[in-house]
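To start, the structure itself, in structure tokens.
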Amino acid sequence: MRHTQLRSFHAVAQRLSFTAAARELGVSQPTITTQVKSLEEEFGVELFVRHGRRIELTETGGGLLDITRRLFSDEKEAADYLNETRGLRTGHLKVGAVGPYHVTDMLAAFNARHPGLYVSVAVGNSRDTLRDLLDYRTDVAVLAHVDPDPRLVAIPYRRHRVVVMCPTDHAFASRRSVRARDMEGQRLIVREAGSTTRRAFDQAMREGNVRPKVVMEIGSRESIREAVAKGIGLGVVSEAEFIPDPRIRALQVSDAEIYTYAHVVHLRERQNARLVRAFLDVLAGLLPEAASPGGRRATARRRRAA
């Protein structure tokens, strides 16, 4: 088994395309095909199932992909380590995030500290963002909710109150706030199941024995804002994500503590990786707690070591 065979297999398996793999590695498609075929023949296994132009991983191929992800992640980390003598002037930090609102401040601070590093951000839902982190496609992730997992280290970053949006011609529009019981029977537009904003709001309503009338489910904050503006119903959103709009009022719920949270998450096994450590050091300067000299950095180090 040769390294080139594994690299060719990994490129194809990541993209499920021989053409895309050849383009990435800068070789011809027949070369990629030959490398993968020779690997299959050498061990008498089938790594891909071909359906015309479409390919899928077999169970054996999926197991090998788990290994090559670790292999090439370690290879990249070794190269980063050897480059460390040159300082943090080169490298590519990959960040996953469930939205741009929390991550932007971190990226600005990171870029100011390390202007020579390239940063890419993949924005997606919580499930995809976490999967990319676990599959080594990203170095760090910014998530609203993280279930306990021994593979992960989660650092609390921010919390923001959830507010109720209403159109300016609604009966609530003249108020500064609403109470939880005011939501009883109100027409409500919600995010998809699993949304952290929806989860926090639903829990507060259950605890108050309040039952709004859900009339629409939309998987986009922007679309919910437009639906609220058109008078379809009320919406809920994190205060950090509310964009001022002359058609809409944002009201706090005065008698309920409803918050969404942002956590910075990384793999425990990669807490000392060069770029991950650099990002966490920048994050330490943004944390609101531990204001004494050196306190933020010490807090971040303790969390990284936890």
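Every number in this text was worked out from the coordinates using simple rules, so none of it is lab data. Bear in mind that the values here come from a model prediction, so they are computed numbers and not experimental data. Note that each Cβ is placed from the backbone with ideal geometry, even for glycine, and that neighbours are counted across all protein chains shown.
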Cβ-Cβ cut-off under 11 Å around Asp135, Lys and Arg +1, Asp and Glu -1: the net charge is +1
Taking Cα centroids, how far is the stretch 43-59 from the stretch 218-260 in Å? 47 Å
Cut-off 18 Å, label point 7 angstrom out along Cα-to-Cβ of Arg206: give me the residues of the stretch 132-159 whose amide nitrogen falls inside. 145-148
Taking θ = phi - 60°, what integer Hz values does the Karplus form 6.51 cos²θ - 1.76 cosθ + 1.60 yield along the stretch 168-182, in sequence order, with x for Gly and Pro? 5, 9, 7, 4, 7, 5, 7, 8, 8, 7, 10, 9, 4, 5, 5
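Between Ser120 and Asp255, what is the FRET efficiency for a Förster distance of 41 Å, r being their Cβ-Cβ separation, to the nearest 0.05?
On the way: r = 43 Å, r/R0 = 1.04.
So the FRET efficiency works out to roughly 0.45.
Go ahead and estimate [θ] at 222 nm for the chain from helices alone: -39,500 (n - 2.57) per DSSP H run with n ≥ 4, summed, over the residue count, rounded to 500.
The helix-only estimate for the chain comes to -13000 deg cm²/dmol at 222 nm.
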Largest-first ellipsoid semi-axes for the chain, taking √(5λ) over the Cα gyration tensor eigenvalues, angstrom: 43, 26, 16
Amide proton proximity set for Asp139, modelled H, under 5 Å, gap of 5+: Lys94, Val95, Gly96
Name the residues of the stretch 210-234 whose amide N is less than 20 Å from a point 7 angstrom out from the Cα of Glu192 along the C-beta direction? 214-228
Could you sort 66-79, 272-285 so that the peptide with the highest average Cβ count within 10 Å comes first and the rest follow in order? 272-285, 66-79
Ranking Val215, Val146, Val264 by Cβ neighbours within 10 Å, fewest first, what do you get? Val215, Val146, Val264
Counting other beta carbons within 10 Å of each residue's own, what order do Arg198, Arg206, Arg131 fall into, fewest first? Arg206, Arg131, Arg198
Just how large is the dipole of the stretch 1-127 about the Cα centre, in debye to the nearest 20, putting +1 at every Lys and Arg Cβ and -1 at every Asp and Glu Cβ? 440 debye
Run the simple label-point estimate for Lys37 and Asn111 please: 7 Å along Cα→C-beta, distance reported in nm. 4.7 nm
Report, in degrees rounded to the nearest 10, the 0 to 90 angle that the Cα long axis of helix 59-83 makes with the longest principal axis of the chain. 90 degrees
Here the percent of antiparallel bridges among DSSP beta bridges lying wholly in the chain, to the nearest 5, is 60 percent
